[in-house]
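Structure record follows, encoded as structure tokens.
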Amino acid sequence: MKDIFKDVMGITGVHGLMVVTNEGRVLLSRFSPDFRSEGKKLSQINWEPFTIEMNSIKDAELVYDSARFYIKKSETGFLIVIIGDNAPISMVRLNCEILLPQLSKIQPASKRLGNLLRKKIF
Amino acid sequence: MRPNVLIVDDDQAFLRLIQKDLEGFSESFNVLTADAGNAALELLKKTYVSFIVSDLRMPGMDGFEFLSIILKNFSDIPVYMMTSYDKPKTKEVVIKSGAAGYLKKPFTAIELFGEITKTLNKKAEGGSLHNVTLETFLQLIEMEQQTSTLRVVDKQEERGGVLFFRNGELMNARVGDMQGKDAAYEILSWSNVSLSIEQDCVFQEKIIQGDLQAILLDAMRVKDELAEKNEMGDDAENSEILLDAPLSEISETEDASAEAKAEPLVDRISTQRPETTAKVRPIKEEVELSKLSPIDTIRMKIKNSIGGRDGILDIYHDPNWDALIDQVSNIGNAFNCGRLNVLYVNRDQDDQFIIIPGEETTAISILADAPWDRIIDVLG
């Protein structure tokens, strides 16, 4: 699982990435050592209102004073990459484009459990 | 002199290798190399380059950033991207970004040679003219409403530039890294020129406003002034002869044998940014930004930075985005990354917007192929 994010996390200036479901649940988050505490705060916020507002997007970029969030929507939810000013944004976009089909491998835990139960029962 | 082909890669060993491999084709073109995007851009300001091959992954300025700068400032130069990092979507993304082609590393010198010659031949598909009168030729293009890219060489000063026409209208011009009307005046002030014609134009929108006739008149005035000045210096001998020669004489004056000897003149040029020769400029309207409304200020800011090809459909205040802005501002606060300056949203139906928070939220609706990343850089 970690491997599919390795390329994005390896790009200079990428502070972290998250996968948030369409319902606002944080499925996964990875942050570089310098941004772990900010990443932790980010993982704890209520993402549901954000996912509602972002429901109809394909991708988005949010430009803040000292960081940029690149957001790409997939069936699984939202891939969010947090980058600094010095990051090669085009490279991030390209890697996310490549990464997106693999996101379907990540499923919410309840869905995985459901699949498992169905297998056992039937 | 042969066309210049520029290869950009941070891998010095690769550059040495490819330069050596391409030595066998030195009769067709010169190979220039740069080990970084910035070094390549510096070189482009001074040297006329006909074809660029750039690596995708480079430290500092990566291939995409380099490509976007070329598309903005040297849009007539075809750029091929190369990478050893070939994934299924890479080629699609590269071509979508505006590259003329894509090469997967490793490739052979023959493969590269094939791509270069194919592209260079296309650039002169409409033929070449030597010792022509530029003014007359341009009037002909206007009359026939032609779409073409004219590569112009000033043979006296060994410098070059490009004029872009769409349906007979002068869309843009470029000399080195100078674009727009100034570049057009510069080119039109040259007296002894050669042309090569490509039957295509990269510009869809008109960067140079105004009628060609008016621009030509201004340019001729500049040229006359220059000639007077030169006469004082006793070295303006032939400019008048070429200035008014009719087009029919152009082909007659073309010396077939000389032409046969002539190499593609467009590529002969060193486009070291010429000293400004134009002394007369139309009066520009100066608008004080402070007197403009916020929407007009945004419009002006984008226009000044990007020009006419900004792809903007509309700019308006739209409170419908406020809830989204609140949400993304909260996220920014949680990550401690400061104020939200601008956001870009690409929606399902390819509706694209750039949103600027403020007392009144401003929405900019843009075309699908608008240079949105450049716009957010300007506004961010």
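The values are calculated or read from the model by the stated rules, or taken from the named source; none is laboratory data. Every value quoted in this text rests on a predicted model; they were computed, and no experiment measured them. Cβ: placed from backbone, ideal geometry, glycine included. Neighbour counts: every protein chain shown. Note: areas computed on protein heavy atoms with side chains; ligands, DNA, RNA excluded. Shrake-Rupley method; radii C 1.70, N 1.55, O 1.52, S 1.80 Å.
Which residues, taken from region B:328-380, are facing chain A (nearest Cβ under 8 Å), assigned to a strand (DSSP E or B) and of a type in the set (S, T, N, Q)?
Within region B:328-380, B:Asn341, B:Asn346 meet the criteria.
Hey, any hits in region B:53-73 for a residue that's more than 14 Å from chain A (Cβ to nearest Cβ) and in contact with a strand residue (DSSP E or B) (Cβ under 6 Å, 6 or more places away or on another chain)?
Within region B:53-73, one or more residues are more than 14 Å from chain A (Cβ to nearest Cβ) and in contact with a strand residue (DSSP E or B) (Cβ under 6 Å, 6 or more places away or on another chain).
Taking strands (runs of 3 or more DSSP E) that do not extend beyond region B:41-115, which have at least 3 residues that are aliphatic (A, V, I, L, M)?
In region B:41-115, B:79-83 are the strands (runs of 3 or more DSSP E) which contain 3 or more residues that are aliphatic (A, V, I, L, M).
Being open to solvent by 20 Å² or more (accessible area, probe 1.4 Å) and modelled with pLDDT of 65 or more is the filter; apply it to region A:91-122 and report the residue that is nearest to B:Tyr85 (Cα to Cα).
Applying the filter and picking the extreme gives A:Ile98.
Going by the structure shown, is A:Ser66 of a type in the set (Ser, Thr, Tyr) and either more than 7 Å from chain B (Cβ to nearest Cβ) or part of a strand (DSSP E or B) (or both)?
Against the criterion (of a type in the set (Ser, Thr, Tyr) and either more than 7 Å from chain B (Cβ to nearest Cβ) or part of a strand (DSSP E or B) (or both)), A:Ser66 does not qualify.
Keeping to region B:182-198, report how many residues are open to solvent by 10 Å² or more (accessible area, probe 1.4 Å) and either of a type in the set (A, V, I, L, M, F, W, C) or under 16 Å from the mean Cα position of the chain (by Cα) (or both).
So the count comes out to 3.
In region B:74-112, what residues are open to solvent by 40 Å² or more (accessible area, probe 1.4 Å), farther than 14 Å from B:Ser54 by Cα and away from chain A (no Cβ under 12 Å)?
Here is the first cut: in region B:74-112, the residues open to solvent by 40 Å² or more (accessible area, probe 1.4 Å) are B:84, B:86-89, B:91-92, B:95-97, B:100, B:104, B:106, B:108, B:110-111.
Keeping just the survivors that are farther than 14 Å from B:Ser54 by Cα gives B:86-89, B:92, B:96, B:108, B:110-111.
Passing the criteria: B:Thr108, B:Ile110, B:Glu111.
This table checks each residue for (1) over 28 Å from B:Leu379 (Cα atoms); (2) open to solvent by less than 30 Å² (accessible area, probe 1.4 Å); (3) of a type in the set (Ser, Thr, Tyr).
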{"position": "A:Thr12", "(1), (2), (3)": "no, no, yes"}
{"position": "A:Arg36", "(1), (2), (3)": "yes, no, no"}
{"position": "A:Asp59", "(1), (2), (3)": "no, yes, no"}
{"position": "A:Tyr64", "(1), (2), (3)": "no, yes, yes"}
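When you check A:Thr21 against the structure, is it buried (at least 17 other Cβ atoms within 10 Å of the Cβ), more than 12 Å from chain B (Cβ to nearest Cβ) and either in contact with a strand residue (DSSP E or B) (Cβ under 9 Å, 6 or more places away or on another chain) or not hydroxyl-bearing (Ser, Thr, Tyr) (or both), yes or no?
Here the answer is yes, as A:Thr21 does meet what is asked.
Would you point out the residue of region A:83-101, among those that are more than 18 Å from B:Gly60 (Cβ to Cβ) and among the aliphatic types (A, V, I, L, M), that is nearest to the other protein chains (Cβ to nearest Cβ)?
By that ranking, first place goes to A:Ile98.
Which of the residues spanning region B:303-354 are surrounded by 16 or more Cβ atoms within 10 Å (Cβ to Cβ) and of a type in the set (Phe, Trp, Tyr)?
Correct list: B:Trp321, B:Phe335, B:Tyr344, B:Phe353.
If I filter region B:26-42 for residues that are small (Gly, Ala, Ser), away from chain A (no Cβ under 14 Å), under 28 Å from B:Asp200 (Cα atoms) and crowded, with 20+ Cβ neighbours inside 10 Å, do I get at least one hit? Walk me through it before giving the result.
Of the residues in region B:26-42, the ones small (Gly, Ala, Ser) are B:26, B:28, B:34, B:36-37, B:39-40.
Going one step further and asking which of them are away from chain A (no Cβ under 14 Å), we end up with B:26, B:28, B:34, B:39-40.
The next check asks that each one be under 28 Å from B:Asp200 (Cα atoms); those that pass are B:26, B:28, B:40.
From what's left, crowded, with 20+ Cβ neighbours inside 10 Å: B:40.
Yes: region B:26-42 contains one or more residues that are small (Gly, Ala, Ser), away from chain A (no Cβ under 14 Å), under 28 Å from B:Asp200 (Cα atoms) and crowded, with 20+ Cβ neighbours inside 10 Å.
Kindly evaluate A:Phe50 against the criterion of being farther than 22 Å from B:Gly63 by Cα, at pLDDT 90 or above, at the interface with another protein chain (Cβ under 10 Å from one of its Cβ atoms) and over 14 Å from the mean Cα position of the chain (by Cα). Walk me through it before giving the result.
Values: farther than 22 Å from B:Gly63 by Cα: yes; at pLDDT 90 or above: yes; at the interface with another protein chain (Cβ under 10 Å from one of its Cβ atoms): yes; over 14 Å from the mean Cα position of the chain (by Cα): no.
So A:Phe50 fails the test.
Taking region B:147-175 as the region of interest, how many residues are surrounded by fewer than 24 Cβ atoms within 10 Å (Cβ to Cβ) and modelled with pLDDT under 80?
6
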